[in-house]
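For reference, the structure discussed in these notes is given below.
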Amino acid sequence: MNIILLGPPGAGKGTQAKKISENCSLPHISTGDILRENISNNTPLGVKAKSYMSRGELVPDELLITIIKERLSRSDCSGGFMLDGYPRTIPQVDALQMILTESGRKMDVVLNIDVDDEELIKRLSGRRMCACGTSYHVDFNPPEKEGFCDSCKGKLYQREDDRAEAIRNRLIVYKKQTQPLINYYTKKALLRRIDGSKDISAIFEGIKKVLENYD
Ligand code: ADP
Ligand code: ADP
Ligand code: ZN
């Protein structure tokens, strides 16, 4: 099964992706995590991406397309995969389509997680991240031990782009560049709507129901 998780920043894509990945044994491909890892390792890609990310802008398409092409060519994706945070623009959609066609694959379903702006701002401003990719929330999803990751015990941090100014910009960028993808995947009959305003486990139950229709 090949899945895309679509939704605005803070909708809960990463949170649900972790659960789906465990439940369905699919590799979780988060372009945000890949970029942050490159930044912390100071790779050439990380150096190029850093300033875009801290301003809340999208990183240029050609960099993302190179990343996703390489990632989808790995053997762990041959039995299915889940994309979280890619595609975010129409050129990224087109590139994905081409990569999959070339290798005789296709997308099965696009889960669009819907949450209103007021709630997104609350979620993003209280988010705390672990380097392992797990996200927490100071009020809505706190770790067992304050400031530390439940799964790897790593120290939690606040992302630079989860500060008020970058959040505002990311929501504008989302509406302009990523929201048009909803229409695109609706026309392709791949889009399934998920009400992201519920609590984490209720959303996951809803997603599992939707995914029962695919294999
Ligand atoms: P969130 O889930 O909060 O939206 P992500 O971790 O997915 O954040 O992405 C963080 C940042 O990484 C984005 O604001 C953007 O700068 C960059 N990024 C991640 N994925 C992409 C992508 N597909 N295209 C362009 N930029 C991306
Ligand atoms: P995204 O990957 O879409 O940017 P995350 O999964 O990182 O979003 O979630 C954003 C923030 O909201 C995190 O702090 C997370 O713990 C919290 N969160 C995720 N899902 C919910 C939910 N259903 N209700 C309340 N808070 C949530
Ligand atoms: Zn961790």
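Before moving on, here are some points about what is shown:
- Residues in the stretch 10-25 that are open to solvent by 10 Å² or more (accessible area, probe 1.4 Å) and on the phi < 0 side of the Ramachandran plot: LYS13, GLY14, THR15, LYS18, LYS19, SER21, GLU22, ASN23, CYS24.
- Hey, LYS175 at pLDDT 95 or above and over 17 Å from the mean Cα position of the chain (by Cα) or not: no
- Within the stretch 148-161, the presence of at least one residue that is in contact with a Ser or Thr (Cβ under 7 Å, 6 or more places away or on another chain), more than 16 Å from ligand 3 (Cβ to nearest atom) and closer than 25 Å to GLN92 by Cα is confirmed.
- Scope the stretch 199-215; condition in contact (Cβ under 8 Å) with a residue 60 or more places away in the chain and either assigned to a helix (DSSP H, G or I) or surrounded by 14 or more Cβ atoms within 10 Å (Cβ to Cβ) (or both); matching residues: ILE200, ILE203, PHE204, ILE207, LYS208, VAL210, LEU211
Quick grid of which residues meet (1) within 21 Å of GLY12 (Cβ to Cβ); (2) assigned to a helix (DSSP H, G or I); (3) of a type in the set (Gly, Ala, Ser):
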{"position": "ILE39", "(1), (2), (3)": "no, yes, no"}
{"position": "GLY46", "(1), (2), (3)": "no, yes, yes"}
{"position": "LYS50", "(1), (2), (3)": "no, yes, no"}
{"position": "MET53", "(1), (2), (3)": "yes, yes, no"}
{"position": "GLU62", "(1), (2), (3)": "no, yes, no"}
{"position": "ILE65", "(1), (2), (3)": "no, yes, no"}
{"position": "LYS69", "(1), (2), (3)": "no, yes, no"}
{"position": "LEU96", "(1), (2), (3)": "no, yes, no"}
{"position": "MET107", "(1), (2), (3)": "yes, no, no"}
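- Scanning the stretch 144-176 for residues that are closer than 23 Å to ILE29 by Cα and touching an Asp or Glu at 6+ places or on another chain (Cβ under 8 Å) yields ASP150, ILE167, ARG170, LEU171, VAL173.
- Cross-chain or 6+ apart pairs with Cβ under 7 Å, the stretch 136-155 first and in a strand (DSSP E or B) and away from ligand 1 (no atom under 16 Å from the Cβ), then open to solvent by 30 Å² or more (accessible area, probe 1.4 Å) and charged (D, E, K, R): PHE148/LYS155
The values are calculated or read from the model by the stated rules, or taken from the named source; none is laboratory data. For clarity, every value in this text was computed on a predicted model and none was experimentally measured. Every residue, glycine among them, receives a Cβ derived from its backbone with ideal geometry; neighbour counts consider all protein chains shown. The area values use the complete protein model at the heavy-atom level, side chains included, leaving out ligands, DNA and RNA. Shrake-Rupley method; radii C 1.70, N 1.55, O 1.52, S 1.80 Å.
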